[in-house]
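Structure first, commentary second.
The values are calculated or read from the model by the stated rules, or taken from the named source; none is laboratory data. Because the structure is a prediction, the values reported are computed rather than measured. Positions of Cβ are generated from backbone atoms using ideal geometry, with glycine treated the same way; all protein chains shown enter the neighbour counts.
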Amino acid sequence: MITKQTNNQTIKQTKNQNKKQGRGISPENKRFYKNLGRIFAIFFCGFFLLHVILPDGDMSASEKRMLNRFPSISKGSVFSGSFGEDFEEYASDQMPFRDAFVSLKTFADSVTGKKESQGVYRGKGGFLIEKMNEPDPAVLETTTEAIRKLTGMYPSSYSFVLVPNAVSIYKEKLPAFAPTASQEAYSAALGEKLAPAGVQFLDLTEALMAAKETVDPLYYRTDHHWTTQAAYACRPAIDGTLGNPTEGNWSPLLVSDSFIGSLASKSGFSSRKTDSIYVYVPETPVNYLISGSSREGKQASLYSEEGLKSNDPYTVFLGGNDGYLHIETDQAGKGSLLVFKDSYFNCYLPFLLHEYETIDVIDPRYFCDDLQSLLLQNQYRNVLFFYDVNTFSEDTSLSLVLGELAEKEESTVLPEGVSDTAGTVPEQGELVTGEVEQ
Amino acid sequence: MKKQISKEGTVKKGVRKQAFLKDSLSDIRNDRKKLTILVFYMIFGLLLLLFLISGMHRKHSSKAAAEGEAYITAEAAKDPAQVLQAIQAGGTAVADGNQADGQNTGDPASGLQAVTADGSQAVAGEGGISPNQGMTDANQAASEEVENALRAQVQAQMGPLAAQIESLEIPLLSPEQLAYYQQVFANTVVVGDSMAQAVYDYGFLDGNHVYFIRGEAIGNLGGQVDEAMAMLPSSVIFFSGLNGTDYYETPELYAAAYAERINQVLAINPNTKVFVCSMTPPSNELAIYREDLARSPEYDAALQALCASSPAIYMDLNWMVRQQLYLPDGIHFGEEFYTVWMQYAALFLS
């Protein structure tokens, strides 16, 4: 009993001592913690106030996307929970110093050895390389089937130019053991599927590998596109496929050396070095006019001044991606070209201006015009598909556009040899006499 | 201590400061938590500053690319109209902006050039409806000759279309036919109100060939004319409907407003061929209780008079109007009407 009592006493004593000492905190420290609390309160309230005071941004320049705005409040949206979700997105999108925090996070990631972010590898020397996702065989099948149908419907000379990405050409720059799908295997599969349709298939891997020693860089360090220098180096190979001569001298001209591309903004990996964009100026100038579905009027330049000065200077080429572009040149009698393309083609287009009288460029991702009418109006000397592997392996828009065309064809049941009727007098021939006035 | 002797006053102050710093530092050293938090905040602040600065730094462009930027600017500043001339001439490169305008002497419409070479002088004044004040008799005679020849040509070829309208059996265009007519319209733009909109809505022409504002009077379509002319068309077709009777009190005011638009086109490019479609009447049913719309023949007559005395060519659509071709609103027309319109207009363009 005695021992029990003494034990109880000692416990009580220590408890009292603890109370007096503020659970182990000295009076000086207590003041510090109070101040710390105040600092935190100021920090949070300050951020909240900054959030309210600072104007909301419309667009994230570095991420190249629209930021969420304050959601509208209604009974329905509050009770369904959609307001809460939207508000959360708004709060995280419009947070003060957002870009700095994103960079800070990525910096912290890289310090801790993280080499991948959003499908982008931080390669050797800070070279950013987009990895290739495992391609879906069903997508490949649907797209090649659509191309096969097109070649059956419209006789022309068909070519497919496939540009490999940095992940394939700059393998040595990838971080060690970085997993990525094989572009060579994909390219081989595509070539095999297109061969029966009579499409001339050109994989630029060989041309780029050959140019690797002399042309540096072939790809932008911070962007997913190839450089104009790389495109220029591939000219002989592409001209060979299209059956055009490779003539004329071109001189490179630096138009921007402060380019920070989409891979940097997508991944958040900051790069100390910026990229340089070149355009090639032909020795023999060519006159051309360009019009497009989302352009006003006709312009005399393929290059966009606004694009160069924008946050994405790669849009100096064609001002970005238009669904449909029509280019007329002074190269009379050289025939016409139809191109289905992605943005890799944008910097290659200038090299084709001397070879065609008209060039129609379709980006199926944004195309909503009438392809059937276009094919009926023109007898294309060449039809060209121009894609990079990463985009093409995930693209479903080309098969949609071509599928729509096939449906239209089936519903109208055209007479055999459609191209024979294009440009000639239609059935109600007596209504039309003389040549078409241009 | 040497300092203490030489400058007593200041050193005392310094000693006090040092002592204070020493105390606070020892305080911090005593509490590791405090130290950690302090270091954390210092790093955080530094990084924040670093990234804010780096973000600002990115936007600077360097001087090395100045030559290239100047090239892009010069390219963008090229005049499309001159480039078009060079293309049509067969490939003489456009070096600078000194090439003369309007060198198409072989063009049958060249007689129209003198009319409004100076657009400002030709803008119709108050009450005046003629846009050709500067036209010489010789030019006018030449222009009339050309116009008459064209009319005769159209008249000779429109038999099958007239038969279609008579019988009201109007076959829609097949894809090949449509593609053919689109080619005929390749360098033509249509400007107007809902009447022009239908050309686009029915899919006859795309957005680069049709410029309209639904429900708008012709006088307010200046912006559309500018947009349309940026396509450097060789022909412009005006197609505007009954909004004119609502907006303009008298046919003269209507014609004056129309004259302004025609002059606007000719001021931008005097070689453009301008066609003006009639103002189509409302349906008989609608005309009974819409007296304002029923005045349309007067307005149409004024339009016809304007065209007779100007380089614009009047495109008569009244022969196509049949009660069965109206939409239920009694103002607009169905696809059949436009099918005939497209082929009829193509006769003027060919």
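Checked against (1) surrounded by fewer than 12 Cβ atoms within 10 Å (Cβ to Cβ); (2) at pLDDT 85 or above; (3) closer than 16 Å to B:Asn269 by Cβ; (4) not basic (Lys, Arg), B:Ala77 passes all but a single condition, namely (3). Could you tell me whether B:Pro171 is modelled with pLDDT of 90 or more and either more than 14 Å from chain A (Cβ to nearest Cβ) or closer than 30 Å to B:Gln323 by Cα (or both)? Spelling it out, B:Pro171 is indeed modelled with pLDDT of 90 or more and either more than 14 Å from chain A (Cβ to nearest Cβ) or closer than 30 Å to B:Gln323 by Cα (or both). For A:Ser343, are the conditions met, namely being of a type in the set (Gly, Ala, Ser) and farther than 20 Å from A:Ser156 by Cβ? When the stated conditions are applied, A:Ser343 passes them. Residues of the stretch A:287-299 include none that is surrounded by fewer than 20 Cβ atoms within 10 Å (Cβ to Cβ) and closer than 30 Å to A:Tyr121 by Cα. If you go through the stretch A:71-88 and keep only what is closer than 24 Å to A:Lys266 by Cα and either at pLDDT below 85 or not acidic (Asp, Glu) (or both), you end up with just A:Phe87.
For the subset of the stretch A:326-335 comprising residues that are of a type in the set (D, E, K, R) and outside any strand (DSSP E or B), which member is farthest from the other protein chains (Cβ to nearest Cβ)? Restricting to residues being of a type in the set (D, E, K, R) and outside any strand (DSSP E or B), the top hit is A:Lys334. When B:Ser350 is tested against (1) more than 23 Å from B:Asp246 (Cα to Cα); (2) at pLDDT 95 or above, only condition (2) is not met.
Summed over the stretch A:249-260, residues that are in contact with a strand residue (DSSP E or B) (Cβ under 6 Å, 6 or more places away or on another chain) and in contact (Cβ under 8 Å) with a residue 40 or more places away in the chain total 4.
Can you find even one residue in the stretch A:284-293 that is away from chain B (no Cβ under 11 Å) and farther than 19 Å from B:Asn208 by Cα? Checked the stretch A:284-293: no residue is away from chain B (no Cβ under 11 Å) and farther than 19 Å from B:Asn208 by Cα. For beta carbons closer than 6 Å, sequence separation of 6+ or different chains, a first residue in the stretch B:197-213 that is within 18 Å of B:Gln177 (Cα to Cα) and a second that is among the hydroxyl-bearing types (Ser, Thr, Tyr), the qualifying pairs are B:Tyr202/B:Tyr338. Could you tell me whether A:Leu202 is within 23 Å of the chain's Cα centre (by Cα), outside any loop (DSSP other than H, G, I, E, B) and more than 16 Å from A:Thr274 (Cβ to Cβ)? It is true that A:Leu202 is within 23 Å of the chain's Cα centre (by Cα), outside any loop (DSSP other than H, G, I, E, B) and more than 16 Å from A:Thr274 (Cβ to Cβ). Give the residues of the stretch A:90-132 that are among the hydroxyl-bearing types (Ser, Thr, Tyr), surrounded by 14 or more Cβ atoms within 10 Å (Cβ to Cβ) and either over 23 Å from the mean Cα position of the chain (by Cα) or away from every other protein chain (no Cβ under 13 Å) (or both), sorted by residue number. Result: A:Tyr90, A:Ser110, A:Ser117, A:Tyr121. Return the residues of the stretch A:99-108 that are without any contact (Cβ under 8 Å) to a residue 12 or more places away in the chain and under 17 Å from A:Ser265 (Cβ atoms); say none if nothing qualifies. Those that are without any contact (Cβ under 8 Å) to a residue 12 or more places away in the chain and under 17 Å from A:Ser265 (Cβ atoms): A:Ala100, A:Phe101, A:Leu104. Looking at the stretch B:176-198 only, could you name the residues that are more than 14 Å from every other protein chain (Cβ to nearest Cβ) and either farther than 20 Å from A:Gly292 by Cα or among the aliphatic types (A, V, I, L, M) (or both)? B:Val190, B:Gly192, B:Asp193, B:Ser194, B:Met195, B:Ala196, B:Ala198, listed by residue number. Within the stretch A:303-325, restricting attention to residues that are at the interface with chain B (Cβ under 8 Å from one of its Cβ atoms) and surrounded by 20 or more Cβ atoms within 10 Å (Cβ to Cβ), the residue that is farthest from A:Tyr356 (Cα to Cα) is A:Leu308.
Could you say whether any residue in the stretch B:216-227 is of a type in the set (A, V, I, L, M, F, W, C), surrounded by fewer than 20 Cβ atoms within 10 Å (Cβ to Cβ), more than 16 Å from the chain's Cα centre (by Cα) and more than 9 Å from every other protein chain (Cβ to nearest Cβ)? There is at least one residue in the stretch B:216-227 that is of a type in the set (A, V, I, L, M, F, W, C), surrounded by fewer than 20 Cβ atoms within 10 Å (Cβ to Cβ), more than 16 Å from the chain's Cα centre (by Cα) and more than 9 Å from every other protein chain (Cβ to nearest Cβ). Against the test of being modelled with pLDDT under 80 and in a helix (DSSP H, G or I), the options A:Ile25, A:Ile11 yield a single qualifying residue, A:Ile11.
Results for (1) in contact with a helix residue (DSSP H, G or I) (Cβ under 7 Å, 6 or more places away or on another chain); (2) at positive phi; (3) within 14 Å of chain A (Cβ to nearest Cβ), shown as yes or no for each residue.
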residue: B:Ile268; (1), (2), (3): yes, no, yes
residue: B:Ser296; (1), (2), (3): yes, no, no
residue: B:Leu306; (1), (2), (3): yes, no, no
residue: B:Ser310; (1), (2), (3): yes, no, no
residue: B:Arg322; (1), (2), (3): yes, no, no
residue: B:Leu327; (1), (2), (3): no, no, no
residue: B:Phe337; (1), (2), (3): yes, no, no
residue: B:Leu347; (1), (2), (3): yes, no, yes
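Within the stretch B:247-272, the set of residues being among the aromatic types (Phe, Trp, Tyr) and buried (at least 20 other Cβ atoms within 10 Å of the Cβ) comprises B:Tyr248, B:Tyr254, B:Tyr258.
The residues in the stretch B:219-247 that are modelled with pLDDT under 95, of a type outside the set (S, T, N, Q) and under 19 Å from B:Pro281 (Cβ atoms) can be counted, and the count is 5. Selection over the stretch B:196-217 of residues that are among the aliphatic types (A, V, I, L, M), within 19 Å of A:Ser373 (Cβ to Cβ) and part of a loop (DSSP other than H, G, I, E, B) gives a count of 1. Run B:Gln264 past the list (1) in a helix (DSSP H, G or I); (2) of a type outside the set (Val, Ile, Thr); (3) modelled with pLDDT under 95 and report the number of the one that doesn't hold. Every condition holds for B:Gln264 apart from (3).
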